[in-house]
Amino acid sequence: MGMVFDGAPVAMRPEIQAALEQAWAELGAPGDWLDGATRLAVAAEARWAWGCDLCARQKAALTPYAVDGEHDQTGALPAAWIDVVHRLTRDSGRLTEAWLGRALAGGMAEDEFIEIVSVTVLTITIDAYLLGIGMAPPALPDPVAGAPPRQRAASAKPGPGWVATIAPEDVEPDFADFYANDSHFYIRRALTLLPAETRRMWALLNTLYLEDPRVHELDGLDRAISRAQMEFLAARASALLGCYY
């Protein structure tokens, strides 16, 4: 049976196609806190958000909180979840801790929030990659049966950002390898409240970018552009998307 991305109009590096195939299949598998059907509902909502009129008006406003209304939506998720998915998709550069507080007050668990972030980011990343190479994103995969464990990581503690994370000094042995690259703790630490979900996301992001960004040039790596060109594109994309990490 052919893989989902076999029909790409350009040649992919084998490791990129493998990472995309894995990430795509795992969208419909049970996660840490959400079952497969719910994860797919989040992914579908992330796609739907691009056509949301409220999101467009909020994005154009000086502040999104000056524009009232209801999101255009699929109707498959609670209201607090819909706002999180839509804001992550359309206006992620202007999120605030107070916004997160309202989402949690609306009945969303902190652990659910982390998985919603991951699924939304994975969906956007895969779709953006495919559109960039001229391939229409495929229909979402079928859900995989099974219940998520919904077990909070015992080593997670509040902060240093808005949510609990696992610090390198508190990491359990089965997750210690994740911090082997000590050059970018904080960005890698962001979703570690859910270790398995963190691994899912970085398995794709490491492949699309670099597993170890400390390298100065790309000796021994198969890339069609230089490291300087990669960073120029990343910086420009970050500026356009409001990513100020």
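Here are the numbers for the structure shown:
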quantity: Nonlocal amide H pairs with T165, under 5 Å, H built at 1.01 Å; calculated: K157, G159
quantity: Cα-projected label distance for A98 with D219, points at 7 Å along beta-carbon direction, nm; calculated: 5.2 nm
quantity: Net charge, A79 excluded, C-beta distance under 12 Å - Lys, Arg +1, Asp, Glu -1; calculated: -2
quantity: Spin-label model distance (nm) - A180 vs A203, 7 Å beyond Cα toward Cβ; calculated: 1.6 nm
quantity: Taking K157, K59 and counting other C-beta atoms within 10 Å, the order from fewest to most; calculated: K157, K59
quantity: Ranking of T63, T96 by count of other Cβ atoms within 10 Å, fewest first; calculated: T63, T96
quantity: Residue exposure sequence - F5, F185 - by fewest surrounding Cβ within 10 Å; calculated: F185, F5
quantity: Estimated FRET transfer efficiency when R0 is 51 angstrom, pair T74-E211 (beta carbons, to 0.05); calculated: 0.90
quantity: Efficiency of FRET from Cβ geometry, A105 and I133, R₀ 41 Å, rounded to 0.05; calculated: 0.50
quantity: For q = 0.10, 0.15 Å⁻¹, Debye-computed log10 I/I(0) when each Cα of the chain counts as one equal scatterer; calculated: -0.51, -1.22
quantity: Residue of R47, R87, R13 that the Gaussian network model of the chain assigns the largest fluctuation, springs spanning Cα pairs under 10 Å; calculated: R13
quantity: Expected 222 nm ellipticity per residue - DSSP helices of 4 or more, -39500 (n - 2.57), all of the chain, to 500; calculated: -14500 deg cm²/dmol
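Taken together, the values in this text are just the output of simple stated rules run on the coordinates, not laboratory data. Being a predicted model, the structure only gives us computed values, none of them experimental. As a convention, Cβ positions derive from the backbone with ideal geometry for all residues, glycine included, and neighbour counts pool all protein chains shown.
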